[in-house]
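What follows is one structure encoded as structure tokens, with my remarks underneath.
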Amino acid sequence: MGFLTGILHFFVPRERTLLFTTFDQAQYFRVKSRLTAAGIRHRSKINGGMRAATNRANYGGNLAVQHELFVSKKDEHRALKEIQSSSV
């Protein structure tokens, strides 16, 4: 049963609640390291990777990359406290 649960969580991760969004890479890594240090499981999504950046650069656009952090619903309150305790 644990094997099937592992496969299910691989395709449908538990970390579904959007916790934090930023365009600043340094700020993203500060928050991510605080969550890791607190032992809070999280997932990242980075929109606007190399392909999108190359396309925007070819047309004279900005290289804005959006970083998002997701946590599980049960860890949301604890993660918010952890983020707010630091000056992000």
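The values are calculated or read from the model by the stated rules, or taken from the named source; none is laboratory data. The shown structure was predicted, so the numbers you read here are calculated from the model rather than taken from an experiment. Reconstructed Cβ throughout: ideal geometry from the backbone, glycine too, with neighbour counts over all protein chains shown. Surface areas here come from the heavy atoms of the whole protein model, side chains and all, with no ligands, DNA or RNA. Shrake-Rupley method; radii C 1.70, N 1.55, O 1.52, S 1.80 Å.
Every residue in the stretch 50-88 that is among the hydrophobic types (A, V, I, L, M, F, W, C), outside any helix (DSSP H, G or I) and modelled with pLDDT of 90 or more, please.
L69, F70, V71, listed by residue number.
Restricting to the stretch 8-24, what's the tally of residues that are modelled with pLDDT of 75 or more and not in a loop (DSSP other than H, G, I, E, B)?
So the answer is 6.
Being surrounded by fewer than 13 Cβ atoms within 10 Å (Cβ to Cβ), modelled with pLDDT under 70 and of a type in the set (S, T, N, Q): is that true of N47 here?
Spelling it out, it is not the case that N47 is surrounded by fewer than 13 Cβ atoms within 10 Å (Cβ to Cβ), modelled with pLDDT under 70 and of a type in the set (S, T, N, Q).
Scan (1) at pLDDT 90 or above; (2) open to solvent by less than 100 Å² (accessible area, probe 1.4 Å) for the single condition R41 breaks and write down its number.
The failed condition is (2).
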